[in-house]
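Undergrad: My structure is below; once you've seen it, I'll send some questions.
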């Protein structure tokens with residue numbers, strides 16, 4: 001909804017009171033420490049050199065393709081990705097998160113606060129203001145990832161048509177890396193949002209100063225983002241534990257596995273015959289020889305193009321990429337020579 005407070009580019013700062021002094025217990029210390037840890041993860045991803053490099057690559061591509069591909073569908077999709085990224089920059093989420101980190105007590109301050117049972121923490125208006133920024137950034141990241149996916153699909157079509165291979169390889173690689181980094185930021189924001197809600201509950205109980213009166217913060221980002229974003233977050237959060245368990249189980253089974261092959265020194269060991277492999281190599285050589293004879297017997301470039309097309313299909317089925325590329329180049333040469341052949345040249 002365009003009228004929601006989280007959907008504004010510049011959310012007004014709540015009040016002059018950014019921090020309050022409350023009773024500092026072990027539970028409060030746990031929440032503050034969790035907020036700082038997850039906040040640092042988000043800042044590290046946003047400021048990472050990998051993300052900044054990929055964004056610069058996107059800007060350079062759009063600058064180079066501006067005149068030649070302005071009406072191209074892939075170019076327009078990349079422009080939409082650029083618009084989302086520019087809006088993310090204009091939000092200045094990293095500045096808001098850095099201010100939040102500065103308001104939280106440091107490690108030494110937390111140790112002293114536990115002894116005196118009192119500390120300065122971000123106020124309820126400040127925490128609710130940061131929650132709004134996180135909600136807006138999460139929604140925009142979800143939108144950016146969908147735009148990256150659409151541009152990726154449009155660019156991938158050119159591989160099937162064998163057009164602009166190098167350019168589209170660069171575009172798809174860049175979009176893939178952007179999508180992965182943005183998903184990492186989105187997952188980190190979902191965890192940070194939960195910790196912010198926990199700390200907000202503690203601060204609101206000690207010093208209630210409600211800032212959001214006409215808008216209720218959602219309990220979880222999963223419900224807020226809808227089906228698409230929630231699936232990404234769930235899949236990323238739930239995939240870590242099963243992978244670790246599977247890796248440990250495989251390592252344990254490999255360690256406990258005993259050698260079951262009844263072999264001993266001095267006993268002849270029977271292995272599989274290599275006749276099948278030799279047969280495959282002979283068939284491959286015979287097929288190549290047949291293609292060579294067909295090409296020598298071609299009387300026109302049209303016949304040569306037909307034989308080359310059959311050879312390309314066979315190389316594709318055998319996964320012979322190098323030979324397929326060479327034959328594709330020769331087929332293009334034959335197609336160019338057809339016009340001369342039609343004009344009477346031999």
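Undergrad: Enumerate the helices (runs of 4 or more DSSP H) found wholly within region 53-127, keeping only those where 3 or more residues are surrounded by 17 or more Cβ atoms within 10 Å (Cβ to Cβ). Quick ask: steps written out before the conclusion?
TA: Details: elements: 73-91, 93-103, 107-116.
Output list reads 73-91, 93-103.
Undergrad: Yes or no: region 36-45 includes at least one residue that is at pLDDT below 90, within 30 Å of residue 168 (Cβ to Cβ) and crowded, with 16+ Cβ neighbours inside 10 Å.
TA: Of the residues in region 36-45, the ones at pLDDT below 90 are none.
Looking through region 36-45, none of the residues is at pLDDT below 90, within 30 Å of residue 168 (Cβ to Cβ) and crowded, with 16+ Cβ neighbours inside 10 Å.
Undergrad: Among the candidates 309, 293, single out the residue that is closer than 28 Å to residue 159 by Cβ, at pLDDT 80 or above and not assigned by TED's automatic domain parsing to the domain that holds residue 159. Steps first, answer last, please.
TA: On the way: 293 fails: closer than 28 Å to residue 159 by Cβ.
None of the other options fit; the residue is 309.
Undergrad: Scanning for something in a helix (DSSP H, G or I), modelled with pLDDT of 90 or more and in contact with a helix residue (DSSP H, G or I) (Cβ under 7 Å, 6 or more places away or on another chain), does region 203-213 turn up at least one residue? Break it down into steps so the answer makes sense when it comes.
TA: Kept after step one, since they are in a helix (DSSP H, G or I), are these residues of region 203-213: 203-206.
Going one step further and asking which of them are modelled with pLDDT of 90 or more, we end up with none.
Looking for residues that are in a helix (DSSP H, G or I), modelled with pLDDT of 90 or more and in contact with a helix residue (DSSP H, G or I) (Cβ under 7 Å, 6 or more places away or on another chain), one finds none in region 203-213, hence no.
The values are calculated or read from the model by the stated rules, or taken from the named source; none is laboratory data. Remember, predicted model here, so these are calculated numbers, not experimental data. All Cβ positions, even for glycine, are placed from backbone atoms using ideal geometry, and neighbour counts span all protein chains on display.
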